[in-house]
Each structure stands twice: as structure tokens, then as C-alpha cells.
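Reviewing the structure listed below.
The values are calculated or read from the model by the stated rules, or taken from the named source; none is laboratory data. Quantities reported herein were computed from a predicted structural model and do not represent experimental measurements. Cβ coordinates were reconstructed from backbone atoms using ideal geometry, including for glycine residues, and neighbour counts include every protein chain displayed.
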């Protein structure tokens, strides 16, 4: 699909999403979900950047406002009221991310005296670290695109809250992370650690630090220490996964690391090479089972589209590696490995083409996750705002 048709498709998807979720026209009860809205915000910024139509910037600002006033406050079915950070209304308006942001799940969180139910936990509210980092990135992109530093300052406040709440000591005393925290960030709901959460946090917080320097923002007191803590958790960890969404995340991480290396935030390419290695191993595992030959009923669009989005970052990553050989560790095979990644680029077109077919969007697996699927398809079609630092 050419650029003009891609933007037309993205425009149609995002107008449909705005209507479905109560963003525009304003619904009585807008439905906000943090992961979906992070991708949606980047898409609206991309439409503004491509068209210079201020309507898209206005919708982006409205989306941020809704997310903060809905997911930054307690649920209507919760006896608690106000901002989840516990600050008063005036302070909450100025600092809406101080207490993190709810996921936006259908059910309220599990009570402290309620035993965990692994199946039910997927439908219960709380906070996910990897959702918070997506929103940090989206807020940062708002500042980058519009020149308004306020959104990056909110992202840094969110980063501090997340780092403090989600990291803690393991039984051995080493730092680790929790997968899911309560709405008020006072207790873990799922104590296991997300495989890529430390990596995602390390890169995202480094991204915020780079942007803050460009805007001349004062450093957040705990951000630098938090970055060092996340870097320590990352050391020696295994990133390989056969999950297409996870592989896509690694590819996006690789391109962000390259951009941050250009900015002088990362001083060598050792981390980049370890992430590229993991992505290559994951792609070999994923394609080995030939899952893209399955019918729609056996496929999850948003997971595949995560891979497609990540693959869109391989092109600029390869260009970067060819233009900046001096930044790559001497005698490293990194350039060759990045070139090998390029051999998988056709998967992105295959995934997009499949989910652009109307018949494949009529089944239960599409409809069950419709809004996430929609916005991630739009991101794959026009990924620049999302992929950039």
C-alpha cells in the first residue's frame, strides 16, 4: 500500500476508533484502555504530522485529558474517590500521573483479602509496568511533535512512580520487578516479572532523560537512579521469545537504542547487539511454525501487528548501522546481524495484508480485541510517530 492510501486508511481507522471509544464525538462514558490509547495517541500525532491538520492535534490533546481524568482517578465502582495518587483535585490537575495510571480493565482489582484467580486476573484492574512505559513514550512523543515540554514532564513523573512501585528485592536481595500492581501501587497483584519489563523501562526512561535535556527540564530527583536500577536488573537477562508481540517489542527497542546511541545516551552497542540477537532467535522460532498460514480464527491480530510494527523499525536501523560504523563495537558482527533482520521484512506486509482483508476482521478473534487491533493496524500502516524517540 502506498503512503497516500496508508494515511487514508489510518485516518478512517482512527475516526472509527474515536467514535467507538467515546473520544469524538464526546461520549457520555468514554472507554479508556491504557495500552490501546498509547498507540492511538501516536497515531493521532502521526496524522497531525503528515497532514498539518490541527484537528488531529486537538484529538490527541483530548485523548491525553481523558486518559488522565479516567485512568488517573479511581473507578466509579470503587468506594475510593479522586486521584489514585491521593493528592487533592487541584494538585492532581497539575500532576495527573503522580500515582500511575490504571489499566482500564472491565472488573475492579482483586481485594487484599481475596485469593488470586489466575484466569480472573486478566479481567481485573490494576497497573501494568509495560502499559505505563507505552504511555510515557506516547506523552514524550506529544512533546516532541508539538514542542510542549509539559507532556514529557508528566511522563517523567509517571516514570518515577512506576520505578518506585514496581521494583523491589528478590529473595536473594537482588532487585527485581513485579508484573502487576494494585491501582494505588501499594501491593503487588502478580509477583512474577515480565520478561522484557526491565529492558523496556531502561530504554523508555533513557528516552525521557534525552528529551528532558533537549527541553532544558530539571532532572527528576529519582529518574537517574531509577535508570541505573533498571540497567542493573537487565544485566545477564535472556530476552529471546517466540511471541510475535514480544519480538516486535525487541525490534522497536533495537531501533530506540540506536537513536539513543546517536544522542550519546548509550556509549556502546553491546546492549543493541544482545537485543538484535534475541530478535533474530525469536524470529527463527516464530517463523519455524509457519503460523501466518493459519486462518483468522487461530490468530491474534494485535500480537502479529506488534511484530509488523517492530519490523518497520528494521529499515531505519539498517540505514543507521551503515551510516555510523564508528559507533559499532570494533570487530562486532552487528552490521551483518541487522542485515539478516532485513530478510524478515516481508512478514510485515503479509501481516498487514491479511488483517486489511475485511473478511478476516469479521471473526471472533478480531471482534473480541477490536479496538486494540484497530489502533495497532493503524500504527503498522503509519509507524513513524510511534517508532521515533
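When the helices (runs of 4 or more DSSP H) confined to region 299-363 are screened for residues that are in contact (Cβ under 8 Å) with a residue 12 or more places away in the chain and more than 19 Å from residue 256 (Cα to Cα), those reaching at least 1 such residues are found at 301-312, 346-356. Considering only region 246-264, how many residues are surrounded by fewer than 18 Cβ atoms within 10 Å (Cβ to Cβ) and touching a helix residue (DSSP H, G or I) at 6+ places or on another chain (Cβ under 8 Å)? Selection size over region 246-264: 2.
I need the full set of residues from region 55-99 which are touching a helix residue (DSSP H, G or I) at 6+ places or on another chain (Cβ under 7 Å) and in a helix (DSSP H, G or I), in order please. Answer for region 55-99, where residues must be touching a helix residue (DSSP H, G or I) at 6+ places or on another chain (Cβ under 7 Å) and in a helix (DSSP H, G or I): 56, 57, 59, 60, 63, 64, 67, 71.
Scanning region 276-311 for residues that are over 18 Å from residue 243 (Cβ atoms) and crowded, with 18+ Cβ neighbours inside 10 Å turns up just one, 296. Against the conditions (1) crowded, with 19+ Cβ neighbours inside 10 Å; (2) outside any helix (DSSP H, G or I), residue 242 satisfies every one except (1). Any idea how many residues of region 9-55 are closer than 26 Å to residue 147 by Cα and without any contact (Cβ under 8 Å) to a residue 12 or more places away in the chain? Of the residues in that region, 5 qualify. Set side by side, the residues 126, 147 differ, and just one is without any contact (Cβ under 8 Å) to a residue 12 or more places away in the chain, outside the structural domain of residue 306 (by TED's automatic domain parsing) and closer than 30 Å to residue 212 by Cα, which is 147. Just one of (1) in the same structural domain as residue 321 (by TED's automatic domain parsing); (2) under 27 Å from residue 164 (Cβ atoms) fails for residue 258. It is (2).
Yes or no, residue by residue, for (1) modelled with pLDDT of 95 or more; (2) in contact with a helix residue (DSSP H, G or I) (Cβ under 8 Å, 6 or more places away or on another chain); (3) assigned to a loop (DSSP other than H, G, I, E, B):
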| site | (1), (2), (3) |
| --- | --- |
| 159 | yes, yes, no |
| 172 | no, no, yes |
| 194 | yes, yes, yes |
| 206 | yes, yes, no |
| 213 | no, no, no |
| 217 | no, yes, yes |
| 226 | no, yes, no |
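Taking the numbered list (1) surrounded by 22 or more Cβ atoms within 10 Å (Cβ to Cβ); (2) within 24 Å of residue 287 (Cα to Cα) in turn, residue 207 passes all entries but (2).
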